[in-house]
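Below is one structure, written out as structure tokens; comments come after it.
The values are calculated or read from the model by the stated rules, or taken from the named source; none is laboratory data. Remember, predicted model here, so these are calculated numbers, not experimental data. Positions of Cβ are backbone-derived with ideal geometry, glycine not excepted, and every protein chain shown enters the neighbour counts.
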Amino acid sequence: MDQMYSYSLFLILAIATVASPGPGVFLTLTNSVRYGTWSAIQGILGIAVGTFVVAGVSATSLGVILATSAVAFTVMKYVGAAYLIYLGIKLWRSPATKMRALSGVGRAKKVQFAEGLGLQLTNPKAVFFFMSIFPQFVDYQSDHASQFVLLVMTYSGLVVVIHLLYALLAKSVRAWLSSGKGGRVVNRLGGATFMCFGVGLASTSR
């Protein structure tokens, strides 16, 4: 397969995957509404860095173990599910964030980065995504290391760009969403969504 054609196909697939609704997207939307766009960027960077780590893991023997060991897969799956449920409960119980309170959440920047990183690192599906996608788009007869880096950088770059667009979209309606009523809607909907993702992840099989 022609390398440019192969890369184009990967680009389309990656855009569709990153843009599709999921825990990462909803975390970005929630952070933008509750803490502002800058804090949302911290979470986005956390997800992007997590992508590098997960991609690296998928290329090592640990990735092979996760792909072949039922026990390792189950442990990773339940850790990820527990983390999603934890985020859901935490968000559900959080008070509505008013616009005037946004100036006092400076310390949330590191928290949002850590949450984005943790969200990606505890997602076993991300490991299997990279393990299943890369073999189809990497030509192992040539310099596959540079191809691997290109694909990972492309995917991580798309995470930053697409999630930033989501954050800016959320910012445009933040005035209502950060009101008392809107804030409660965001917290309850977001909390329920994370918990549903967690339960769904726990119930999945290979």
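List of remarks:
- Count - residues of the stretch 148-168 that are β-branched (Val, Ile, Thr) and within 11 Å of ILE15 (Cβ to Cβ): 4
- Contacts under 9 angstrom Cβ, first residue in the stretch 33-55 being farther than 13 Å from THR122 by Cα, partner part of a loop (DSSP other than H, G, I, E, B) and polar (S, T, N, Q), 6 or more apart: VAL33/THR97; VAL33/SER178; ARG34/SER94; ARG34/THR97; ARG34/SER178; TYR35/THR97
- Residue that is nearest to ALA40 (Cα to Cα), among those in the stretch 172-204 that are modelled with pLDDT under 75 and among the charged types (D, E, K, R): ARG174
- Test: residue in the stretch 112-125 that is surrounded by 11 or more Cβ atoms within 10 Å (Cβ to Cβ) and at pLDDT below 70: yes
- Residues that are at pLDDT 85 or above and either under 17 Å from LYS90 (Cβ atoms) or more than 9 Å from the chain's Cα centre (by Cα) (or both) within the stretch 33-53 comprise ALA40, ILE41, GLN42, GLY43, LEU45, GLY46, VAL49, PHE52, VAL53, listed in sequence order.
- Within the stretch 141-170, considering residues that are among the hydroxyl-bearing types (Ser, Thr, Tyr) and touching a Leu at 6+ places or on another chain (Cβ under 7 Å), the one modelled with the lowest pLDDT: TYR166
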